[in-house]
Amino acid sequence: GLPPRILDPFGGGGAIPLEALRLGCEVFSNDYNPVAVFIQKCTLEYPQLFGSNKYEWENLKSSSNKNPLLVEFEKWGKLLLSQVKFELGEYYPNDPDGSTPVGYIWARALQCQNPLCGIEIPLLRQFWLSNKPNKKISLYPYLKNNEILFKIVGDNYEEIPQGFDPSKGTIIRASITCPACGSVIDDKTNRKLFREGKTGNRMIAVVLHKPGKDKTYRISNNKDIDIFEQAETYLNNKRNNLLESWGIDPIPNETLPLMSGVFNVPIYGIDTWGKLFNSRQNLALITIAEKIRNIYNQLLSLKYDEEYAKAITAYLALAMDRLSDYNSTLCIWAVMGEFIAHTFGRQALPMISDYFELCPWSESTGDWNSAMNWISRVIEHSSNVGNKPAKVTQGSATKLPYPDNYFDAVFTDPPYYFNVPYADLSDFFYVWLKRSVGDIFPDLFSTPLSPKTNEIVQMEHWDKKRYPE
């Protein structure tokens, strides 16, 4: 007559504990990784505690019949976006015709090493902007006054020139070909120049949309560059102010290790987590983190129960982490579908030569609203799973706080041997969680990066270094 008591000592993302809750078990889950534990709290504890009216406190009665936790998350998430948009809106302006920027296509750039040439080469894997069966639009490079410029060609634009193949860019597997003189920068020289800081970033094009209409494109102009530089200036001031009040650099300055085949970006000089984002991306993220902190304090001032306030804030922090995954310099514009492809297309951080910078409120692809929609669905679903919350703990599976014979079953999918370095990958999210909710969840986010000393996985074949030989 009692529900079986189930333990998963390596809970990870919480799949097994969630199924155990679905079956009506009394569930206990543990993980060594704080990011995994944080996700589990948001799927196995908070929805079951606060996602049903029967668990709601008297002073937090909702006027809606909807899930109270969902109502609160959506209300504060919309408020946060309006605050961020009010502060940063001038750095993502609409076009004169009212079109909203979906985002900006950037190319990293290197100077041609041929002394007789020396032009700046934008590094583009290919020139397509849209490669749908019914919509073919491309960048077309041309040389003018010893500079490589671009125009847009294809459907509803100037015709694609005969003989031009948009699938062939200026860089293939780290080897660069100068479109002006044809000389080649080999992969080793390319990486060396990046590490020496002899590179640039060039905004190439802007992707735009209007509600109910197809996406359009235009070449970036001096005004776009000026606005980006204004955002950089604002970032520097805001960074200094937040550093003083937070006691931690708001831009993640923690070291990003070199792990051959997984984290290759340090080979190019990207050796801290914050360097995975350009200035305006960092500005958007630290501003969101600031608003999340402020909202938590506002919830407490409004006499919300502390645990309820933590739950609402936790989901806002997860939305921010989702946004960071869709707004780094390792995101690409997916030309086959005209959407942004997120950072973790696979479990690695490979170098990307050209990338897509998202407008956080584009209402088109990968933005804050999209992040909220995904999380809302999880809250709604998980609130209907289990009659009581799981007990989620963070720590080593060798030091669990339970007596012998306490569980009816231990059911687990143990950590992978050595094929995925989950702890190192999780640091991409950990560094932002530490800045948004680190003070609210000090037990999870007090260390510089996620703990790894007592990992069970075997990682000796990855020699973590800061720089290559």
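The values are calculated or read from the model by the stated rules, or taken from the named source; none is laboratory data. On a predicted model such as this, the values are computed, not experimentally measured, just so you know. For neighbour counting, all protein chains shown are included, and Cβ atoms are generated from backbone atoms with ideal geometry for every residue, glycine included. Ligands, DNA and RNA are excluded from the accessible area calculation, which covers all protein heavy atoms including side chains. Shrake-Rupley method; radii C 1.70, N 1.55, O 1.52, S 1.80 Å.
What distance in nm lies between label points placed 7 Å from Cα along the C-beta direction at residue 132 and residue 116?
Calculated label separation equals 4.6 nm.
Using only the Cα atoms of segment 185-250, build the gyration tensor, take square roots of its eigenvalues as a ≥ b ≥ c, and label the shape rounded, prolate or oblate: rounded if a/c is under 1.5, else prolate if a/b is larger than b/c, else oblate.
Because a/c hits 1.5 or more and a/b fails to exceed b/c, segment 185-250 counts as oblate.
Just want to confirm a number: the relative contact order over segment 65-148, from Cα pairs under 8 angstrom separated by 6+ residues, in percent.
15 percent
Using every alpha carbon pair in segment 83-213, what percent of pairs falls into each 10 Å bin from 0 up to the bin containing the largest distance?
Result returned by the calculation: 11, 35, 30, 19, 4, 0.
Per residue of segment 344-353, what does 6.51 cos²θ - 1.76 cosθ + 1.60 with θ = phi - 60° give for ³J(HN,Hα)? Whole Hz please, x for Gly and Pro, Karplus curve as stated.
Each residue of segment 344-353 in turn: 8, x, 9, 7, 6, 10, x, 6, 10, 7 Hz.
Could you give the semi-axes, largest first, of the ellipsoid that matches segment 147-279, computed as the square roots of 5 times the alpha carbon gyration tensor eigenvalues and rounded to whole Å?
The three semi-axes for segment 147-279 are 32, 25, 14 Å.
How large is the Rg to Rh ratio of segment 217-358 when both quantities use alpha carbon positions and Rh follows Kirkwood?
Rg/Rh for segment 217-358 comes to 1.01.
Please give, to one decimal in nm, the separation of the simple spin-label points placed at residue 227 and residue 307, each 7 Å out from Cα toward the Cβ.
Going by the 7 Å Cα→Cβ label model, 4.6 nm.
When the accessible area of the chain is computed with all protein chains present and a 1.4 Å probe, what percentage of it is carbon and sulfur?
50 percent
Which whole number in µm²/s is D for segment 254-326 by Stokes-Einstein, with the Kirkwood Rh taken over Cα pairs at 4 °C and 1.567 mPa s?
After rounding, the answer is 91 µm²/s.
Taking +1 at the Cβ of each Lys and Arg and -1 at the Cβ of each Asp and Glu, which of 348, 393, 1 sits farthest along the dipole of the chain towards its positive end, judged by Cα position relative to the Cα centre?
Of the options given, the answer is 348.
Note down the net charge around residue 28, summing +1 for each Lys or Arg and -1 for each Asp or Glu among other residues with Cβ under 9 Å from its Cβ.
0
Once the Cα gyration tensor of segment 101-144 is diagonalised, what are the square roots of 5 times its eigenvalues, in whole Å and ordered largest first, as equivalent ellipsoid semi-axes?
With the √(5λ) rule applied to segment 101-144, the semi-axes are 27, 13, 8 Å.
Computed FRET efficiency, Cβ-Cβ of residue 237 and residue 158, R0 41 Å: what is it to the nearest 0.05?
Result of the calculation: an efficiency of 0.45.
Quick check: convex hull over the Cα atoms of segment 130-202, volume per residue in Å³, rounded to an integer?
Given the Cα convex hull of segment 130-202, per-residue volume reads 127 Å³.
Give me the percent of Cα-Cα pairs in the chain that sit more than 33 Å apart, rounded to a whole number.
The calculated P(r) of the chain puts 43 percent of pairs beyond 33 Å.
Can you list the cysteines of the chain that have no other Cys Cβ under 4.7 Å away?
Taking the Cβ cut-off of 4.7 Å, the unpaired cysteines of the chain are 25, 42, 331, 359.
Taking the Cα centre of the chain as the origin, how large is its charge dipole in debye, to the nearest 20, when only Lys and Arg (+1) and Asp and Glu (-1) carry charge on their Cβ atoms?
In debye, rounded to 20, the chain gives about 560.
Please report, to two decimal places, log10 I(q)/I(0) for segment 8-138 at q = 0.16 Å⁻¹ as given by the Debye formula with identical point scatterers on the Cα atoms and no solvent.
Taking Cα atoms of segment 8-138 as identical point scatterers yields -0.99.
Under a plain spin-label model, where a point goes 7 Å from the Cα along Cα-to-Cβ, how far apart in nm are residue 416 and residue 253?
It is 3.3 nm.
Of all the Cα-Cα pairs you can form in segment 319-469, what percent are over 19 Å apart?
69 percent
Below 8 Å between Cα atoms, with a sequence gap of 6+, how large is the relative contact order for the chain in percent?
26 percent
Net charge near residue 337, counting Lys/Arg +1 and Asp/Glu -1 over other residues with Cβ under 15 Å of its Cβ?
Every neighbour counted, the sum reads +2.
Give, in nm to one decimal, the length gained when the segment between residue 244 and residue 378 is fully stretched (0.36 nm per residue of separation minus the Cα-Cα distance).
So the extension gain works out to 44.6 nm.
Round to the nearest 10 and report in Å² the accessible area of residue 160, as given by a 1.4 Å probe over the protein chains' heavy atoms.
Residue 160 has an accessible surface of roughly 60 Å² with all protein chains in place.
For segment 149-188, go through all pairs of different Cα atoms, get the mean of 1/r, take its inverse, and jot down that Kirkwood value in Å.
12.0 Å
So, R0 is 22 Å and r is the distance between the beta-carbons of residue 457 and residue 272; what FRET efficiency does that work out to, to 0.05?
0.40
Mind checking the full-extension length gain between residue 391 and residue 168? Use 0.36 nm per residue of separation minus the Cα-Cα distance, one decimal, nm.
Extending this stretch completely gives an extra 74.9 nm.
For segment 287-361, what's the radius of gyration and Dmax over Cα atoms, in angstrom?
16.3, 49
How much accessible surface does residue 417 have with a 1.4 Å probe, in Å² rounded to 10?
Surface accessible to solvent at residue 417 totals approximately 140 Å².
Per residue, how many Å² of accessible area does segment 1-138 show with a 1.4 Å probe?
42 Å²
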